[in-house]
Structure formats: C-alpha cells, structure tokens
Amino acid sequence: MFSTRSGAVRLSLAVVIGLIAFKVVVGVITGSISVIAQAVDSFLDLLAIVITFFAVIIATKPADENHPFGHGKVENIAAITQAMLIFSAGGLIIYSAVRRITTGAAIELTEAGIGVMLVSIIASIFLSRHLLRVSRANDSIALEASARNIAADVYSAAGVLVGLVVIRFTRLSIIDPIIALLVSLIILKAAYDVLRKSFGGLIDVKLPEAEENVIRSAIMEHAGELVDFHELRTRKAGSQRYIDLHLVMPKDISVEEAHRMCDHLEQDIEGKLQQASVTIHVEPCSEECEECPVSPDMRKEKP
C-alpha cells in the first residue's frame, strides 16, 4: 500500500501533519524556540511533500505530443523547490534563535519538549528510511529529496532533545537558542545536498561514471561483431535516462544485420539500467586494416 510513489507520499503526509500539531502545542506550552523551530521545519516538510505528491503524478505521465521526452524533469523542479523551502526554514530558525539570545526567556515544562522530540525522532527515522527505499526502487529524485529532508529532522531533533535534557538539569535556558542555531546548520546542509543533486538534471549532467561503464560494457560484449563506438552522450530527467551513441559497423554489413545489432544493444542496455531510452546512430567503418576487431565471418569483403 505504501510501497508505491503515491503511497509513500500519503504516508508522509499523515506522519508529518501529526508531528506538526504535536510540536506546535508543546512549543507553545514550553516556550522553547528550538521546539518551535522543529515545528517550522516540519511545516516546510509538509509543503515539500505536497509538492512531491503533485510532481510524482505529473512525472509518471507518459510522453505526449508536446512533451516527447516525457515529464521527468518535473521531479527535478520539485526537488529544487524543496531545497528552497529548506533554506528558508534554516534562515527563519537562525533569525529566531539570535532574537532569543538577545532578549532571553525561560523555558517551562521541558519534560513535554523531551517527549515530543523522542516521538519525532522515532517517527522520522522510520519514515525517512521507508521513503529512501521507495525512492531507490522507483528511482525518484523528488522522493529522495523528501527522505533526505526528513532524515535531517532526525539529527536536528536529536540536538534539540539533548539541549532540553541539559536545560532540565541545569536551568541554562541559553542552551535552547544555541541548539536551534546548530539545528539550522544541519538544515542548511540538507538543502545544499538536495539542490546540488537535483540541479544537475535540469542542465543535463551526464549519468554517473558507473552507469556509463555499464553501457560501455554492454557494447564491448560484442567487440567481435562491431568495429567501435563513439559520441556516447547521456543525461537524466527525473527517473528517465536518455542515452545516444554512434556505432561503427563493418561497411559491407547488411542494413538488416546492423538493425538487429542496434535492437539487441538497446534491449541489453535498457535491461541493465532502469527506465533507459537508447538511440543508436550506425556508421560504416572508413577503411579495412589488419587490426580490424571484427571477426572475418562478419566481414563481407568484395573480390
């Protein structure tokens, strides 16, 4: 039920809405700026999840007349939007923490704050791990951004928890805004990581070297049947991979045999890389030589 993209998003909505309500109530009761900061962060998580929900719906639509390459880049746009929201959360927390340091205020009922942080940590751990599993299974950068975002909440909530425990036994309220500042740094780092990864899809950064090596390996398995390949170009839009290359075949090979080789390579590559679209341009070799890698049976020399 929750193993699909849309199911994972629905689960996220339910968990995050519950955490927001819990944190807001406890933050108001205790007067803790770090707990309020956590509530703000969770609220931005909610906005990010809503964005992810609509992005997943659009990104999974098949290619159409106006979008022949599909809608995958919507996920990259959604992830960048999430990064902007996370940056905003970090900035807001920094502002609130600095203001609290300059004005000063006591914290009440730290036990309630400790309780809500424990609940938040446990819920966020399970939710982020589930989202990460679903994002990897479906190769969804938008879901991965949500998973990273919520995972950052675990570390920030742990920091707030430690701060509240220290305050409970020392009564040093200044620790609260200091912890909030540390939380903001974690949040800003998470935003940077999401932004860096998602922006690459919009400017057509090539696939990771490991994935390009898979493509090269699939081609070179047929070294005795083809001459060479070049102009390998790769990119990724959301979860969709696009690959094109030039394949050099013996100049006397038939069109049917060249077409059969292209079909085989396309199926092989698409079977090894999720959601891959392969385009191959066939070229004849320019000359014969003693070092030709193609087996004699594949060459049809004219008398």
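Details
- Residue check, Arg99 in a helix (DSSP H, G or I), among the charged types (D, E, K, R) and at pLDDT 75 or above: no
- Only one of the listed residues (Arg133, Arg168) is under 16 Å from Gly7 (Cβ atoms) and surrounded by fewer than 20 Cβ atoms within 10 Å (Cβ to Cβ). That residue is Arg133.
- Flag if Ile253 is within 27 Å of Phe199 (Cα to Cα) and either modelled with pLDDT of 80 or more or among the aliphatic types (A, V, I, L, M) (or both): no
- In the condition set (1) at pLDDT 85 or above; (2) more than 14 Å from Glu211 (Cβ to Cβ); (3) within 38 Å of the chain's Cα centre (by Cα), Leu245 is compliant with all but (2).
- Looking across segment 208-220, not a single residue is touching a helix residue (DSSP H, G or I) at 6+ places or on another chain (Cβ under 8 Å) and part of a loop (DSSP other than H, G, I, E, B).
- Being basic (Lys, Arg) and closer than 30 Å to Asp153 by Cβ is a condition met by no residue of segment 223-234.
- Test for Asp139: is it on the phi > 0 side of the Ramachandran plot and in contact with a Ser or Thr (Cβ under 9 Å, 6 or more places away or on another chain): yes
- Residues satisfying the stated conditions in segment 127-164, i.e. over 18 Å from Ala48 (Cβ atoms) and assigned to a helix (DSSP H, G or I): Arg133, Arg136, Ala137, Ala158, Gly159, Val160, Leu161, Val162, Gly163, Leu164
- Selected residue (only one of Asp139, Asp153 is touching a residue at least 24 places away in the same chain (Cβ under 8 Å), in contact with a helix residue (DSSP H, G or I) (Cβ under 8 Å, 6 or more places away or on another chain), closer than 30 Å to Leu207 by Cα and of a type in the set (D, E, K, R)): Asp153
- Sole residue being surrounded by fewer than 22 Cβ atoms within 10 Å (Cβ to Cβ) and under 30 Å from Pro177 (Cβ atoms), chosen from Ile49, Ile58, Ile17: Ile17
- Evaluation of Phe87 against (1) modelled with pLDDT of 70 or more; (2) among the aromatic types (Phe, Trp, Tyr); (3) out of contact with any helix residue (DSSP H, G or I) (no Cβ under 7 Å at 6 or more places or on another chain) (one fails), failing number: (3)
- Check on Glu65, surrounded by fewer than 20 Cβ atoms within 10 Å (Cβ to Cβ), more than 25 Å from Phe199 (Cα to Cα), in contact with a Ser or Thr (Cβ under 8 Å, 6 or more places away or on another chain) and at pLDDT below 75: no
- Some residue of segment 107-126 being more than 21 Å from Val26 (Cβ to Cβ), assigned by TED's automatic domain parsing to the domain that holds Val183 and modelled with pLDDT of 75 or more: no
- Residues of segment 264-283 satisfying the condition of being polar (S, T, N, Q) and touching a Ser or Thr at 6+ places or on another chain (Cβ under 8 Å): Gln274, Gln275
The values are calculated or read from the model by the stated rules, or taken from the named source; none is laboratory data. Computed from a predicted structure; not experimentally measured. Here Cβ is always computed from backbone atoms with ideal geometry, including for glycine, and neighbour counts include all displayed protein chains.
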